[in-house]
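Scroll down for the structure; my scribbles are underneath it.
The values are calculated or read from the model by the stated rules, or taken from the named source; none is laboratory data. Values in this document were obtained by computation on a predicted structure and should not be read as measured data. Neighbour counts are summed over all protein chains in view; Cβ atoms, including those assigned to glycine, are modelled from backbone coordinates with ideal geometry. All accessible areas refer to the heavy atoms of the entire protein, side chains included, with ligands and DNA or RNA removed. Shrake-Rupley method; radii C 1.70, N 1.55, O 1.52, S 1.80 Å.
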Amino acid sequence: TEAPPDGLTFLGQPVTRQQIIRGKEIYAENCASCHGANLEGQPNWKRRLENGRMPAPPHDESGHTWHHADRDLFAITKLGVGGVVAGYE
């Protein structure tokens with residue numbers, strides 16, 4: 001099983017191997033259905049859907065996740081987009 005890269009931290013704390021393992025499980029259970037098992041995102045993720053929402057972006061270097069602060073990503077993950085963006089259900 002994968003070890004965290006040297007110096008990897010989250011909110012200033014070192015990331016452990018157990019956290020990496022648990023994170024992969026949580027992603028598979030809760031995120032992969034939209035963001036993809038391989039982090040690829042949904043097709044045409046840069047184009048707005050008919051309902052006005054955006055498709056799930058990839059979580060690799062081609063997406064935009066990297067430009068969000070850790071605290072913002074944590075809040076979105078914990079609360080859902082609706083907990084961070086008013087009116088988003």
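Taking only Cα atoms, what is the 0 to 90° angle, nearest 10, from helix 17-30's long axis to the longest principal axis of the chain?
With rounding to tens, the tilt is 20 degrees.
By how many nm would the segment from residue 27 to residue 81 lengthen if fully extended, with 0.36 nm per residue of separation less the alpha-carbon distance? It would help to have the intermediate numbers written out before the result.
Details: separation 54, 0.36 × 54 = 19.44 nm, distance 1.57 nm.
Length difference between fully extended and current span is 17.9 nm.
Report the FRET efficiency, 1/(1 + (r/R0)^6), for residue 68 and residue 17, where r is their Cβ-Cβ distance and R0 is 35 Å, rounded to 0.05. Spell out each step's value before the answer.
Working: r = 25 Å, r/R0 = 0.70.
E between residue 68 and residue 17, to the nearest 0.05, is 0.90.
How far is helix 70-79 tilted off the main Cα axis of the chain, in degrees rounded to 10, range 0 to 90?
Approximately 60 degrees, to the nearest ten.
So, with a 1.4 angstrom probe, what is the percent of accessible area on the chain that is carbon and sulfur?
On the chain, the fraction of accessible area on carbon and sulfur atoms equals 54 percent.
Is the chain best put as rounded, prolate or oblate by its Cα gyration tensor, with a ≥ b ≥ c the root eigenvalues, rounded for a/c under 1.5, and otherwise prolate when a/b is larger than b/c, oblate when not?
The shape class here is prolate.
Name the residue from 11, 73, 52 whose Cα lies farthest towards the positive end of the charge dipole of the chain, charges +1 on Cβ of Lys and Arg and -1 on Cβ of Asp and Glu.
Of the candidates, 52 comes out farthest on the positive side.
For the chain, with every protein chain kept in place, what is the accessible area per residue (1.4 Å probe, Å²)?
Normalised by residue count, the accessible surface of the chain is 79 Å².
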